[in-house]
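Student: What follows is a single structure, and I will ask about it in a moment.
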Amino acid sequence: MVAQEFTVDLDKPLVFQVGHLGEAYQEWVHQPIVTKEGPRFFESDFWEFLTLTAWWAIPTIWLPVVFWCISMSVRMGHTLPEIALMVGFGIFVWTLLEYTLHRFLFHIKTKSYWGNTAHYLLHGCHHKHPMDSLRLVFPPAATAVLCIPFWNLIKFLATPSTTPALFGGGLLGYVMYDVTHYYLHHAQPTKSVPKSLKYVALDGSLVGIASHGYGLLIYGLSCLCK
């Protein structure tokens, strides 16, 4: 079959190649290339640029949005304890969402062309190139697009005055997760909890064990409670 004979050319843009691997994609994507140099994703310089993100861009771009959202709820009359509760709930919901997505979506088994392509873009590239520092955090352009339905969902479920703080809490949870994830891959922690989390993060990426690679924040909380 063509899928069995196809070989990915690492010197060419990868995204539209990996779909041709078919069932062989799962084995290929879990054979990591552990170098700091990342591959090229797209022929287009524009689309390639959108996939590259320095870790510091995440707090720089999104923390002002978090503070603006929280300030909106404050201006609408909520007290600081109420704001803290809403922000904390938003962080909690994000943690559950990240766990669910990581376990049930990011580690789904794909074999179709577009299934493999989408999986590689969303998460497979992280397993294949775990030390690619410019693709470890989620691109801001993609985050901005995803924020729209999440904002509208919260707006539908919550009140006008609580929506901004809840959304800000969820966004803060995302920022905490992405920055922590980057730190665990590229820093050298010395304390026991960060070292354990680094092991979990790299085990999930390098070995490709789905049961170890998700829910870093939940795992961290369990470590802190020991």
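The values are calculated or read from the model by the stated rules, or taken from the named source; none is laboratory data. All values derive from a computational prediction rather than experimental measurement. FYI the Cβ positions are ideal-geometry reconstructions off the backbone, even for glycines, and counts take in every protein chain you see.
Student: Here are N152, N116: which of them is within 21 Å of H30 (Cβ to Cβ), out of contact with any Lys or Arg (no Cβ under 9 Å at 6 or more places or on another chain), part of a helix (DSSP H, G or I) and modelled with pLDDT of 95 or more?
Tutor: N116
Student: Within the stretch 84-104, does at least one residue satisfy the condition of being in contact with a Ser or Thr (Cβ under 8 Å, 6 or more places away or on another chain) and part of a helix (DSSP H, G or I)? Give the steps one after another, and end with the answer.
Tutor: First pass over the stretch 84-104, keeping only residues in contact with a Ser or Thr (Cβ under 8 Å, 6 or more places away or on another chain): 86.
Narrowing the set further to residues that are part of a helix (DSSP H, G or I) leaves 86.
Yes, the stretch 84-104 has at least one match.
Student: On to the next question. Look at Y99 and say whether it is touching a Gly at 6+ places or on another chain (Cβ under 7 Å), surrounded by 14 or more Cβ atoms within 10 Å (Cβ to Cβ) and of a type in the set (F, W, Y).
Tutor: Here the answer is yes, as Y99 does meet what is asked.
Student: Of the numbered conditions (1) more than 28 Å from H185 (Cα to Cα); (2) assigned to a helix (DSSP H, G or I); (3) of a type outside the set (S, T, Y), H78 satisfies every one except a single condition; which is it?
Tutor: Going through (1) more than 28 Å from H185 (Cα to Cα); (2) assigned to a helix (DSSP H, G or I); (3) of a type outside the set (S, T, Y) one by one, H78 breaks only (2).
Student: Out of (1) within 19 Å of the chain's Cα centre (by Cα); (2) exposed (fewer than 11 other Cβ atoms within 10 Å of the Cβ), what's the single condition that is false for T7?
Tutor: Of everything listed in (1) within 19 Å of the chain's Cα centre (by Cα); (2) exposed (fewer than 11 other Cβ atoms within 10 Å of the Cβ), T7 misses just condition (1).
Student: I need every pair where a residue in the stretch 81-104 that is in contact (Cβ under 8 Å) with a residue 60 or more places away in the chain has its Cβ under 7 Å from the Cβ of a residue that is surrounded by 14 or more Cβ atoms within 10 Å (Cβ to Cβ) and of a type in the set (V, I, T), sequence separation at least 6 or different chains.
Tutor: Every condition considered, the pairs that remain are I83/I70; I83/V74; M86/T162; V87/I70.
Student: Here's something else I'd like to know. If I ask for residues that are surrounded by fewer than 17 Cβ atoms within 10 Å (Cβ to Cβ) and either of a type in the set (K, R) or closer than 16 Å to A142 by Cβ (or both), which ones from the stretch 15-43 would you list?
Tutor: Result: K36, R40, F42.
Student: Which is at negative phi, outside any loop (DSSP other than H, G, I, E, B), at pLDDT below 95 and among the hydrophobic types (A, V, I, L, M, F, W, C), of V200, V145? Step through it out loud before you land on a result.
Tutor: Working: V145 fails: at pLDDT below 95.
Criteria check complete, one pass: V200.
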